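*Asks:* Could you have a look at this structure, given as structure tokens, before my questions?
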Amino acid sequence: MALVPCQVLRVAILLSYCSILCNYKAIEMPSHQTYGGSWKFLTFIDLVIQAVFFGICVLTDLSSLLTRGSGNQEQERQLKKLISLRDWMLAVLAFPVGVHTTVLPFILIEMRTSHHAYPSRSSGLAAICTFSVAYILWVCWVHHVTGMWVYPLLEHIGPGARILFFGSTTILMNFLYLLGEVLNSYIWDTQRSMEEEKEKPKLQ
């Protein structure tokens, strides 16, 4: 049994993200005052994704607690929708984008404490590609409006190298999605094997 219930951990993680976001917004940086503000940076977007994800986790826990034993089919359907949304966010956004920063330990804790059903591989990869392309287009739009690239590296390379860079990052995001899928399966296949081993009758 875990020393700290996973529900309490989720609340603590959610509060920590809310605190980080508040402190981040309070920092006066010149880049925050320019076009796009903090939303230009993947780090900030990732913090928002993680806060929303763990907010959904906490909401799922509360809904599960309130519907337990109620027998209300409508509430159970709503709970299943929340669980599906939680699992989708972990697979498509929270894990692949979370690897970008140091929030990965929180995601690994979440993967270890609760089973998450991944979407079909085709729909999952399509979703992460959509997110990647949308962010790339946003970065290009910011450059179009301001004349400045969000990341200094892009200032010093040519158009061909930029296309290669953007393509590589999209491929990387797809790889991270697949890594999350494999890791999630490994964790829960191992857990299932251990539970089955414990249930086997011991030889005298």
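The values are calculated or read from the model by the stated rules, or taken from the named source; none is laboratory data. Keep in mind it's a predicted model, so treat the numbers as computed, not measured. Glycine also receives a Cβ, built like all others from the backbone with ideal geometry; neighbour counts cover every protein chain displayed. The area values use the complete protein model at the heavy-atom level, side chains included, leaving out ligands, DNA and RNA. Shrake-Rupley method; radii C 1.70, N 1.55, O 1.52, S 1.80 Å.
*Asks:* What is the magnitude of the charge dipole of the chain about its Cα centre, with +1 placed on the Cβ of each Lys and Arg, -1 on the Cβ of each Asp and Glu, and no other charges, expressed in debye to the nearest 20?
*Replies:* It works out to roughly 140 debye.
*Asks:* Normalised by the residues of the range 41-163, what does the relative contact order come to in percent, with Cα pairs under 8 Å and at least six apart?
*Replies:* 22
*Asks:* Determine the share of the chain's accessible area contributed by carbon and sulfur atoms, expressed in whole percent, with a 1.4 angstrom probe.
*Replies:* On the chain, the fraction of accessible area on carbon and sulfur atoms equals 69 percent.
*Asks:* In nm, to one decimal, how far is the Val182 label point from the Ser64 one, both placed 7 Å along Cα→Cβ?
*Replies:* Taking the two extended label points, one gets 2.8 nm.
*Asks:* Between Gly147, Gly180, Gly36, where does the largest GNM mean-square fluctuation fall for the chain, given springs only between Cα atoms within less than 10 Å?
*Replies:* For the chain, modelled as a Gaussian network with Cα springs under 10 Å, the answer is Gly147.
*Asks:* Select from Ser16, Ser38, Ser120 the residue whose mean-square fluctuation is largest in a Gaussian network model of the chain (Cα-Cα springs shorter than 10 Å).
*Replies:* Sorting by GNM fluctuation, first place goes to Ser120.
*Asks:* Hey, of (1) 10.9; (2) 15.9; (3) 11.7, which did the structure itself give for mean projected area of the Cα convex hull in nm² when calculated?
*Replies:* Calculated mean projected area of the Cα convex hull in nm²: the matching label is (2).
*Asks:* Extension gain Ser168-Trp39, at 0.36 nm per residue separation less the Cα-Cα distance, in nm?
*Replies:* Extra length from Ser168 to Trp39 when fully extended: 44.3 nm.
*Asks:* Ignoring ligands, DNA and RNA, how do His156, His115, His143, His32 rank by accessible area with a 1.4 Å probe, largest first?
*Replies:* His156, His115, His143, His32
*Asks:* As an exercise, use a Förster radius of 35 Å and the Cβ-Cβ distance of Ser31 and Phe175 to find the FRET efficiency, rounded to the nearest 0.05.
*Replies:* Once the sixth-power term is evaluated, E becomes 0.75.
*Asks:* Given the options Val97, Val133, Val182, which has the most mean-square fluctuation in a GNM of the chain, springs set between C-alpha atoms less than 10 angstrom apart?
*Replies:* With Cα springs under 10 Å in the chain, the top fluctuation among Val97, Val133, Val182 is at Val182.
*Asks:* Right, next: Using only the heavy atoms of the protein chains and a 1.4 Å probe, how would Arg77, Arg162 rank by accessible area, largest first?
*Replies:* Ranked list, largest accessible area first: Arg77, Arg162.
*Asks:* Related question: Quick one: angle between helix 104-113 and the longest Cα principal axis of the chain, in degrees between 0 and 90, rounded to 10, please.
*Replies:* The two axes meet at around 20 degrees.
*Asks:* Here's another thing I want to ask about it. Between Leu93, Ala117, Ile49, whose Cα lies farthest towards the positive end of the dipole of the chain when Lys and Arg beta carbons carry +1 and Asp and Glu beta carbons carry -1, centred on the Cα centre?
*Replies:* Towards the positive end, the residue furthest out is Ala117.
*Asks:* Enter the accessible area per residue of the range 45-179 (Å², integer; probe 1.4 Å; all protein chains in place).
*Replies:* I get 53 Å² per residue for the range 45-179.
*Asks:* I would also like to ask the following. If each residue of separation counts as 0.36 nm, what is the full-extension length gain between Leu15 and Leu85 once their alpha-carbon separation is subtracted?
*Replies:* Residue separation times 0.36 nm, minus the Cα-Cα distance, leaves 23.2 nm.
*Asks:* What is the angle, in °, between the Cα long axis of helix 42-67 and the longest principal axis of the Cα atoms in the chain? Nearest 10 is fine, range 0 to 90.
*Replies:* 20
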